[in-house]
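Have a look at the structure below before the remarks.
The values are calculated or read from the model by the stated rules, or taken from the named source; none is laboratory data. Just so we're clear, the structure is a prediction, and the values are computed from it rather than from any experiment. Cβ atoms come from the backbone with ideal geometry, glycine included; neighbour counts cover every protein chain shown. Areas reflect the complete protein model, heavy atoms only, side chains present, ligands, DNA and RNA absent. Shrake-Rupley method; radii C 1.70, N 1.55, O 1.52, S 1.80 Å.
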Amino acid sequence: MANKTSSSTYFPTTLPIGTIGDLLAGCTAMLESEGVTEPQREAREIVAAVLDVPKFWAAANSIADASPDVAIAVIRAAMQRAAGAPLAYAVGRASFRHLTLEVDDRVLIPRVETEVLVDRVLERCSSNTRRVADIGTGSGAIALSLAFEREFDLVFGTDISLDAIAVASGNAASLRSVLKSSIEFRHGSLLAPLKGEVLDVIVSNPPYVSFAELGDLPPDVRDWEPSLALLSPQDGLAATRELVRQAPHHLAPDGLLAVEVDTRRAGTVAEMVSVDDRYGDVEVLLDLTGRERFVFARRV
Ligand code: GLN
């Protein structure tokens, strides 16, 4: 998709645009001409995201007037999408479990696999689970969901990217009043910012794509999402290996390490944890497509 779309091809050059229906039609045409495969659905999603209404709203309200502000915001997002940006970046937000998070190209767009990771962690929490950490927090999706869904004493999020810490902190500020747990974001590599902290759960979706696999990623991932959040040396395993090495220094007895992995390397990671005598109860868990996606283990 080329970055050449001019909104005036699809919309009158003088505002007001007219109705929501006109706006939808113009956006759909723009997205379609740039090769977006489901242009109408995406146009509706863009309107829904800009107006912060449900996805069906635009179709049900096509005769409502679109204010110039709304029209400009929608057209701007549609142009970014037409230029190839992932929809979440184009609209500046992504849904993750119960939350809507602000995202941009400084952070990975949270994935449905990672929603399952949070589920599996929450299932294993008890009233004794007081302090948890999300390593490589990105937008803060895991940390904020844990803090939203359960009362812990403290949820940490760390990230090596200062940009990510800024995005996560912004999301925390917006959600502060609805969180059940205190949350604290710290800048640094893996567990380094949590020196001296004892944790009951360490959860992470670290970068796990190998350099050789970069070319296989869909263009909207490869060309837009931060490589720092995706790629890891040593065949995609460097960050995971280091996390497995560091985590026992911080985990309380029986504390949980929960890591998302590349499905092709789930066995390798399970083996890595199994041969480490600081861990027991190693589990390999599946994502919603039935692929081995998570490796869990307990500190002995
Ligand atoms: N699952 C991501 C993808 O779509 C990768 C995320 C990660 O490296 N942690 O490629």
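Remarks
- Positive-end ranking of 116, 248, 128 along the dipole of the chain, with charges on Cβ about the Cα centre, is headed by 128.
- Burial order of peptide ranges 128-138, 92-102 (average beta-carbon count within 10 Å, highest first): 128-138, 92-102
- Charge dipole (debye, nearest 20) of the chain; +1 at Cβ of Lys and Arg, -1 at Cβ of Asp and Glu: 380
- Residue 64 long-range amide H proximity, modeled H, under 5 Å: 20, 21
- Separation between Cα centres of the range 149-177 and the range 269-288, rounded to whole Å: 27
- Cβ charges +1 (Lys, Arg) and -1 (Asp, Glu), total dipole of the range 116-184, debye: 200
- Whole-angstrom Cα spans of the range 180-266 along principal axes, big to small: 40, 25, 22
- Kirkwood-Stokes translational diffusion coefficient of the range 33-173, alpha-carbon pairs, 37 °C, 0.692 mPa s, µm²/s: 198
- Among 42, 260, 242, residue whose mean-square fluctuation peaks in a GNM of the chain (springs only between Cα atoms under 10 Å): 242
- For the chain, averaging the sequence separation of C-alpha pairs within contact (under 8 Å, six or more residues apart) and dividing by the residue count gives a relative contact order of 13 percent.
- Derived value for the chain: Kirkwood hydrodynamic radius 20.5 Å. Basis is the mean of 1/r over every pair of different alpha-carbon atoms.
- Normalised by the number of residues in the range 114-196, the average gap of Cα pairs under 8 Å and 6 or more apart makes the relative contact order 31 percent.
- Within a Gaussian network of the chain (alpha carbon springs, distance under 10 Å), most fluctuating of 28, 289, 19: 289
- Note on the range 104-299: with neighbouring protein chains present and a 1.4 Å probe, carbon and sulfur make up 50 percent of its accessible heavy-atom surface.
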